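J.: Take a look at the following structure, please.
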Amino acid sequence: MDIPFIRFAFPVFILYLFWSVLLANPWVEETQASNKKLEQMQELVARGKELIAAGRLEEALDPSLQLHKAYPENQIYIKQLADIYDSLGRFTEAAPMWEHYLEYSPTPIEGCPQIALAYRNLGQRAEEAKAFERCWHIEANSDTILFYAHSLEMQGQYGRALELYRDGFSRAPDYADMAVGLARIQMRVGQIAEARTGIAKVLEKAPDNVDGLLVAGMVFARTGERAAAIRYLEKARTLAPDYKELGEVLASVRRGG
């Protein structure tokens, strides 16, 4: 039996399927849009790299900002922006960008010590100190220990600083900055003999270590050996004539202070 309705309905149904899949379904347009966006992002990435490599950092900001806007939690673009802001001396923008990096990066230690140094350059000493402590909590390695210990030393927290310097020195005894820091804090807490021994070892390996010479001068000044202190400090001054703290210490020792 011929059923006209069925003969008519079937091709209509096929046409409906064709329309819904190929015309009404937006997946084709979405794919095209996605591909176009991907191409645009790739162009921005390439442009940013090119400008950064050429040292044209101000121009590199625009593609970097566009990438960050498109992918606000992508640690690669966050770090790229933070590095640019640092290099341009725009620390007001660098500091929060490094905060984002620590928040979203799977390897936040790579934002250290930059985040603390950004706060230092802004004169925000309290935030700087907190950042050094945070970096130490993220990963206690010789660098984070050194920075955090020095930060505590500058705050006058000598006991805690001494503990950290000792820890750092036990991990990296050949790290000259750590050995110098340990000797300096030992001098500050009155462990003069230990400081003298430690700084002598540093200068034995690196006789032109300016910070080592400075600490040696300070140690000998503490023991009343003024002539020896001046010799160390004058040698350091010839190596680093623009070192402000060194000049101040030398002037003080010369005055008998």
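The values are calculated or read from the model by the stated rules, or taken from the named source; none is laboratory data. Bear in mind that the values here come from a model prediction, so they are computed numbers and not experimental data. Neighbour counts are summed over all protein chains in view; Cβ atoms, including those assigned to glycine, are modelled from backbone coordinates with ideal geometry.
J.: Answer yes or no as to whether Gln75 is touching a Phe, Trp or Tyr at 6+ places or on another chain (Cβ under 7 Å) and of a type outside the set (A, V, I, L, M).
T.: It is true that Gln75 is touching a Phe, Trp or Tyr at 6+ places or on another chain (Cβ under 7 Å) and of a type outside the set (A, V, I, L, M).
J.: Next up: Right, Arg134: surrounded by 15 or more Cβ atoms within 10 Å (Cβ to Cβ) and modelled with pLDDT of 95 or more or not?
T.: So Arg134 fits the description; yes.
J.: Right, next: Could you say which residue among Phe220, Phe169, Phe147 is surrounded by 15 or more Cβ atoms within 10 Å (Cβ to Cβ) and within 30 Å of Ile78 (Cα to Cα)?
T.: Unique residue meeting the criteria: Phe147.
J.: Moving to a separate point now. Only one of these conditions is not met by Ala46: (1) of a type in the set (Gly, Ala, Ser); (2) at pLDDT 90 or above; (3) outside any loop (DSSP other than H, G, I, E, B). Which number is it?
T.: (2)
J.: Can we say Ile78 is of a type outside the set (Ser, Thr, Tyr), out of contact with any Gly (no Cβ under 8 Å at 6 or more places or on another chain) and modelled with pLDDT of 90 or more?
T.: Here the answer is yes, as Ile78 does meet what is asked.
J.: Scan the stretch 218-229 and tell me whether some residue there is in a helix (DSSP H, G or I), touching a His at 6+ places or on another chain (Cβ under 8 Å) and not assigned by TED's automatic domain parsing to the domain that holds Leu117.
T.: For the stretch 218-229, residues in a helix (DSSP H, G or I), touching a His at 6+ places or on another chain (Cβ under 8 Å) and not assigned by TED's automatic domain parsing to the domain that holds Leu117: absent.
J.: Hey, which of the helices (runs of 4 or more DSSP H) in the stretch 76-145, taking only ones fully inside, have at least 3 residues that are under 27 Å from Leu44 (Cβ atoms) and touching a residue at least 12 places away in the same chain (Cβ under 8 Å)?
T.: Correct list: 91-104, 114-121.
J.: Here is a check on your reading of the model: is Ala9 outside the structural domain of Ala95 (by TED's automatic domain parsing), within 30 Å of Ser105 (Cβ to Cβ) and at pLDDT below 70?
T.: Taking the combined requirement at face value, the residue does not satisfy it.
J.: So, one more: Quick one: which of Phe220, Phe169 is in contact with a helix residue (DSSP H, G or I) (Cβ under 9 Å, 6 or more places away or on another chain), more than 26 Å from Asn141 (Cα to Cα), aromatic (Phe, Trp, Tyr) and at pLDDT 95 or above?
T.: On inspection, the qualifying residue turns out to be Phe220.
J.: Do the conditions hold for Glu248, that is, is it closer than 24 Å to Arg120 by Cβ and assigned to a helix (DSSP H, G or I)?
T.: yes
J.: Which residues, taken from the stretch 162-184, are of a type outside the set (Phe, Trp, Tyr) and in contact with a Ser or Thr (Cβ under 8 Å, 6 or more places away or on another chain)?
T.: Those that are of a type outside the set (Phe, Trp, Tyr) and in contact with a Ser or Thr (Cβ under 8 Å, 6 or more places away or on another chain): Gly168, Arg171, Ala172, Met178.
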